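Here the structure comes first, spelled out in structure tokens, and everything after it is commentary.
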Amino acid sequence: MTAVLPTDIALNGNYNKSDTAKMLGIGRSTLDAHIAEGHIRVVRHRYSNRVSIKGREIIRFFNAES
């Protein structure tokens with residue numbers, strides 16, 4: 001099965017790890033591994049320390065892997 005990105009990804013949109021994993025067609029643990037290895041850059045919220053991933057980064061990673 002090949003993953004297909006949704007056409008409505010906002011370039012400056014913030015997506016959580018669950019949504020990102022679904023878009024890329026991979027599991028959460030695989031996404032965490034890519035983040036730990038530096039393949040996917042994340043943004044951490046200043047106060048809550050929550051992780052989000054920009055739509056632009058999701059598209060960049062998807063195109064690099066294809």
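The values are calculated or read from the model by the stated rules, or taken from the named source; none is laboratory data. On a predicted model such as this, the values are computed, not experimentally measured, just so you know. Because the Cβ atoms are built from the backbone with ideal geometry, glycine has one as well, and the counts that use them run over all protein chains shown. Calculation scope for accessible area: heavy atoms of the full protein, side chains included, ligands and nucleic acids excluded. Shrake-Rupley method; radii C 1.70, N 1.55, O 1.52, S 1.80 Å.
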Exercise for review: Rounded, prolate or oblate: pick one for segment 1-42, where a ≥ b ≥ c are the square roots of the eigenvalues of its C-alpha gyration tensor, a/c under 1.5 means rounded, and failing that, prolate if a/b is larger than b/c, else oblate.
Suggested key: oblate
Revision key, fill the gap. Counting only DSSP loop positions in the chain, the trypsin sites (Lys or Arg not before Pro) whose Cβ has at most 10 other Cβ atoms within 10 Å are Arg46
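Rolling a 1.4 angstrom probe over the protein heavy atoms, how many square angstrom per residue are accessible across the chain? List each step's numbers first, then the result.
Values: 4700 Å² over 66 residues.
Accessible surface, normalised per residue, equals 71 Å².
Can you pull the percent of the chain's accessible area that's carbon plus sulfur, 1.4 Å probe, other chains left in place?
Details: 2370 of 4700 Å².
So the carbon and sulfur contribution to the accessible surface is 50 percent.
For Asn12, what charge total do you get from the other residues with a beta carbon under 10 Å from its beta carbon, if Lys and Arg give +1 and Asp and Glu give -1?
Values: positive: Lys54, Arg56; negative: none.
Within the 10 Å Cβ shell, the charges total +2.
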Review point. Counting other Cβ atoms within 10 Å of each Cβ, which chymotrypsin sites (Phe, Trp or Tyr not before Pro) in the chain have at most 15 and sit in a DSSP loop?
Key: Tyr47
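Counting only helical runs of four or more DSSP H residues, what would the 222 nm mean residue ellipticity of the chain come to if each run contributes -39,500 (n - 2.57) and the total is spread over all its residues?
-12000 deg cm²/dmol
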Check your understanding: Placing +1 at every Lys and Arg Cβ and -1 at every Asp and Glu Cβ, with all other atoms neutral, what dipole size does the chain have around its Cα centre, in debye to the nearest 20?
Key -> 300 debye
Point to revise | Neighbour cut-off at most 11 other Cβ (10 Å), DSSP loop, GluC sites (Glu not before Pro), segment 8-66 | key: Glu37
Practice item. Taking the dipole about the Cα centre of the chain, with the C-beta of Lys and Arg at +1 and of Asp and Glu at -1, give me whichever of Val43, Ser29, Leu11 is farthest to the positive side. Key: Val43
